[in-house]
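Report on the structure given below.
The values are calculated or read from the model by the stated rules, or taken from the named source; none is laboratory data. Note that the structure is a prediction, hence the values are computed from the model and not measured. Cβ atoms come from the backbone with ideal geometry, glycine included; neighbour counts cover every protein chain shown.
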């Protein structure tokens with residue numbers, strides 16, 4: 001078993017509350033990522049997407065399930081992989097930090113390989129997937145909170 005880490009950073013002009021609105025809402029991911037099946041399998045607390053929520057993410061070729069382990073709006077979302085990839089001990093921490101009028105997004109993931117020789121390919125796959133997801137999160141957040149919606153805590 002080998003240990004791997006991925007660190008991504010993006011900056012957006014959107015406020016942390018707007019970024020959080022899209023990041024934390026698992027069901028919305030199908031609207032702004034390349035995923036086609038995004039939903040909650042189990043609700044968490046204090047909101048449905050909160051701690052303990054099991055999130056299902058799928059697209060052609062596979063799916064995964066994650067459990068939310070930290071839900072601290074609008075600053076920190078962390079999740080662990082429950083099933084779906086050939087890795088173990090996967091945890092990702094996404095932190096949102098106000099910078100100027102926008103937000104710095106940091107996505108830090110770590111995992112151990114399950115099978116010899118799979119570390120580099122899994123790291124490359126996850127770096128591409130998480131990078132694309134972070135880029136799409138920035139693009140979606142910069143469009144605003146959504147038609148007729150205010151960011152959480154406003155309006």
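Quick notes
- Residue check for residue 24: modelled with pLDDT under 95 and either out of contact with any helix residue (DSSP H, G or I) (no Cβ under 9 Å at 6 or more places or on another chain) or surrounded by 14 or more Cβ atoms within 10 Å (Cβ to Cβ) (or both): no
- Among the residues of the range 10-19, just one is in contact with a strand residue (DSSP E or B) (Cβ under 6 Å, 6 or more places away or on another chain), over 13 Å from residue 136 (Cα atoms) and not in a loop (DSSP other than H, G, I, E, B), namely 16.
- Filter result for residue 41 (within 22 Å of residue 131 (Cβ to Cβ) and either modelled with pLDDT under 95 or assigned to a strand (DSSP E or B) (or both)): no
- Restricting the first member to the range 33-49 and to residues that are in contact (Cβ under 8 Å) with a residue 40 or more places away in the chain, and the second to residues that are not in a loop (DSSP other than H, G, I, E, B), the beta-carbon pairs closer than 6 Å and six or more apart or on different chains are 33/133; 33/136.
- When residue 31 is tested against the conditions (1) in contact with a strand residue (DSSP E or B) (Cβ under 7 Å, 6 or more places away or on another chain); (2) part of a helix (DSSP H, G or I); (3) surrounded by fewer than 16 Cβ atoms within 10 Å (Cβ to Cβ), the lone failure is (1).
- Cross-chain or 6+ apart pairs with Cβ under 6 Å, the range 6-32 first and without any contact (Cβ under 8 Å) to a residue 12 or more places away in the chain, then assigned to a strand (DSSP E or B): 30/38
- Filter result for residue 72 (free of Cβ contacts under 8 Å to residues at least 60 places away in the same chain and in contact with a strand residue (DSSP E or B) (Cβ under 8 Å, 6 or more places away or on another chain)): no
- Selected residue (only one of 95, 103 is free of Cβ contacts under 8 Å to residues at least 60 places away in the same chain and not in a loop (DSSP other than H, G, I, E, B)): 95
- As a summary of the residue check, residue 132 satisfies the conditions (1) out of contact with any strand residue (DSSP E or B) (no Cβ under 9 Å at 6 or more places or on another chain); (2) buried (at least 17 other Cβ atoms within 10 Å of the Cβ); (3) under 15 Å from residue 9 (Cβ atoms) except for the one numbered (2).
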